[in-house]
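Heads up, the thing below is written out as structure tokens.
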Amino acid sequence: MMVEIKIKYFTDIDPVEIRPNSDWIDLRTAEDVTMEAGDFKLIPLGVAMQLPAGYEAQCIPRSSTYKNWGIVLANSMGLIDNSYCGDNDQWMFPAVAFIDTHIPKNTRICQFRIQKKQPHIVFKTVDVLGNEDRKGIGSTGTD
């Protein structure tokens, strides 16, 4: 099924594109970014989108972002729901710099994918789950 997403550009960056054999879509800096070690900045990504009803976007850094620019996403993963779709709702990358850095405009720093929203759920309290224990956190692959 093909899903259409309306996209508005705030500046002259390369258009968002879906690359062959990739499940994630790159986003770019909408301006030159200069940060000093320890700085926090909302880096504009130059786009606003209208996601389909029932979907949300999950945004994460590209695997090379820290290696190349010394920044990390401040909140580990960004989540953009489909109600964030106004004409001025520009997507941002909340960054923390670990080194002094300069990132040129139009640099690919993060990526996103759209996912269906979580369905309505109900929690049921029980005394026993009835499954085998995995021997604690970090136990996979150890004897």
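The values are calculated or read from the model by the stated rules, or taken from the named source; none is laboratory data. Just so it is clear, the structure is predicted and the values come from calculations on it, not from any experiment. So basically every Cβ, Gly included, is an ideal-geometry build from the backbone, and we count neighbours across all protein chains shown. Heavy atoms of the whole protein, side chains included, go into the accessibility calculation; ligands, DNA and RNA do not. Shrake-Rupley method; radii C 1.70, N 1.55, O 1.52, S 1.80 Å.
Taking θ = phi - 60°, what integer Hz values does the Karplus form 6.51 cos²θ - 1.76 cosθ + 1.60 yield along segment 108-124, in sequence order, with x for Gly and Pro?
6, 10, 8, 9, 9, 9, 9, 9, 5, 5, 4, x, 5, 10, 10, 8, 10
Quick one: ranking Ser22, Ser83 by accessible area, 1.4 Å probe, largest first, what do you get? Spell out each step's value before the answer.
Details: Ser22 50, Ser83 90 Å².
Putting Ser22, Ser83 in descending order of accessible area: Ser83, Ser22.
Taking all protein chains together and a probe of 1.4 Å, list Met49, Met1 from the most accessible to the least accessible. Please list the in-between numbers first.
Numbers: Met49 10, Met1 200 Å².
Most to least solvent-accessible, the answer reads Met1, Met49.
Could you name the lysines whose alpha carbon sits less than 29 Å from that of Lys105, not counting residues in the same chain fewer than 8 places away?
Lys6, Lys8, Lys41, Lys67
Could you compute how much accessible surface Trp69 exposes when probed at 1.4 Å, giving the result in Å² to the nearest 10?
About 60 Å², rounded to the nearest 10.
Roughly speaking, what % of Cα-Cα pairs in the chain are separated by over 21 Å, rounded to a whole number?
53 percent
For segment 39-47, take each phi angle, set θ = phi - 60°, evaluate the Karplus expression 6.51 cos²θ - 1.76 cosθ + 1.60, and give the result in whole Hz per residue in order, putting x for glycine and proline.
Karplus-based 3J(HN,Hα) across segment 39-47 equals 5, 10, 8, 7, 7, x, 9, x, 9 Hz.
Round to the nearest 10 and report in Å² the accessible area of Phe98, as given by a 1.4 Å probe over the protein chains' heavy atoms.
So the heavy atoms of Phe98 present about 120 Å² to solvent.
Counting Lys +1, Arg +1, Asp -1, Glu -1, what net charge surrounds Lys116 among other residues with beta carbon under 14 Å of its beta carbon?
Numbers: positive: Arg113, Lys117; negative: Glu56, Asp81.
Residues near Lys116 contribute 0 overall.
Using θ = phi - 60° and the Karplus curve 6.51 cos²θ - 1.76 cosθ + 1.60, what whole-Hz ³J(HN,Hα) does each residue of segment 52-62 get, with Gly and Pro shown as x?
x, 4, x, 10, 9, 9, 10, 10, 9, x, 5
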